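Here, each number is a calculation from the coordinates, and none is a lab measurement. Remember, predicted model here, so these are calculated numbers, not experimental data. Heads up, the Cβs are rebuilt from the backbone with ideal geometry, glycines too, and the neighbour counts pull from every protein chain shown.
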Amino acid sequence: MSLPVQLSIIVAVQHSQDNLPAILDALQPAAHSDVEFIVCHTPADPDVPTLIGNKGRVTVVCSPEGSLIPHLWRDGILAAKGERVGTTTAHCIPAADWVDALLAADLNAVAVVAGTIENDSHADAKGRAILLQRYAAFAPPQERHEIRDPAADNALYRRSALMRHRDLLERGFWEPSFHARFRAESLHLALDPNLRVIHRNRYTACQYMAQRLAHGREFGFTRASGRPFPYRVLLALLAPAVLPLMLGRILGRALGNPTLRRQPAGVWVWLPLFVLAWVAGEASGYLAGLRPRTWFAQR
């Protein structure tokens, strides 16, 4: 008889199936009989079932073509049996003690415990630019502290807290919307440096820019949801100002972290392109709700 599930770990695979062998080596599913592992992917990563094989309590979920990482996380959350839910992506390689750290993390006083995201030592300029854009705020060194908006690429949640917000979950696990709800409920969110993953990018430049475009669009759509037409148009017109603001914030974080200060010159070629993709998506999201059928309503 199988043991009750103490922890559900959801790995979202988007254009990153080549990292699965290293991820499985780190997670050691067969060594954790009370932990279930849910690997969610789309037909874009067709080899996932073969790469998983028979390595313990692992469930493979194939989501519809075109699903984004938040949709994969949602499908994993809905399938999970554990009250503790760990989330990550296959662009991140967990530390060898990651599962034990998730099991030991204290969720009594906080709604979310998230960890650090370090760049792979062999990362190229594109991979380093991706980390700077998305994860600079979570790069080590870090001390445990309260945080406003952690990254679900290395995080632990209470499933019951997520399921309280089914209206959000229907659209996918876009974690900033959940974090905003948690903050409105006076719940705390914490960063714990004991939870460690290494970012090993597998996106091509085009794949990553398409991802930033889609995520920026969701951000803009959510931010402007329910707002009147003039307000949406104003936000769209102001969106280009986000480009220098975001680049300045990223640069400030890099300069403030000794592990991020020294970057190859190519980083500063890729980074503006990636930020521009986000800004274009954000601007289109502000206007998306003005049409009867939006891109999101079809997903």
Between Leu245, His32, His199, whose Cα lies farthest towards the positive end of the dipole of the chain when Lys and Arg beta carbons carry +1 and Asp and Glu beta carbons carry -1, centred on the Cα centre? Leu245
Using Cα pairs under 8 angstrom and six or more residues apart, how large is the relative contact order of the chain, in percent? 21 percent
What order do you get for His15, His188, His199 when you list them from fewest to most C-beta neighbours inside 10 Å? His188, His15, His199
Rg in Å to one decimal, and Dmax rounded to a whole Å, for region 205-298 via C-alpha atoms: 15.2, 49
Using the Cα gyration tensor of region 7-199, the equivalent ellipsoid's semi-axes, largest first and to the nearest Å, work out to 23, 20, 17
Relative contact order [Cα under 8 Å, 6+ residues apart], region 205-298, whole percent: 58 percent
5 angstrom amide H check on Thr89, placed H, neighbours 5+ away: Ala12
Express in nm, to one decimal, how much length is gained between Gln6 and Ala96 on full extension, taking 0.36 nm for each residue of separation and deducting their alpha carbon distance. 30.6 nm
If R0 = 45 Å, then Arg164 and Asp124, at their Cβ-Cβ distance, give a FRET efficiency to the nearest 0.05 of 0.65
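Work out the length of the dipole vector of the chain about its Cα centre, built from +1 on the beta-carbon of each Lys and Arg and -1 on the beta-carbon of each Asp and Glu, and round it to the nearest 20 debye.
The dipole magnitude comes to about 1040 debye.
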Can you show me the helix-derived [θ] at 222 nm for the chain, built from DSSP H runs with n ≥ 4 at -39,500 (n - 2.57) apiece and divided by the number of residues, rounded to the nearest 500. -12500 deg cm²/dmol
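Loop only by DSSP, 15 or fewer other Cβ within 10 Å of the Cβ. Give me the trypsin sites (Lys or Arg not before Pro) in region 199-288 that pass, ordered by residue number.
In loop regions of region 199-288 (DSSP not H, G, I, E or B), the sparsely surrounded trypsin sites (Lys or Arg not before Pro) are Arg261, Arg262.
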Among Ala79, Val99, Ile52, the residue whose Cα sits farthest towards the positive end of the charge dipole of region 7-199, when +1 is placed on the Cβ of each Lys and Arg and -1 on the Cβ of each Asp and Glu, is Ala79
Sorted by Cβ neighbour density within 10 Å, fewest at the top, the residues Cys62, Cys206, Cys92: Cys206, Cys62, Cys92
Using the Cβ atoms and a cut-off under 13 Å, what net charge is assigned to the surroundings of Leu234, where Lys and Arg are +1 and Asp and Glu are -1? +3
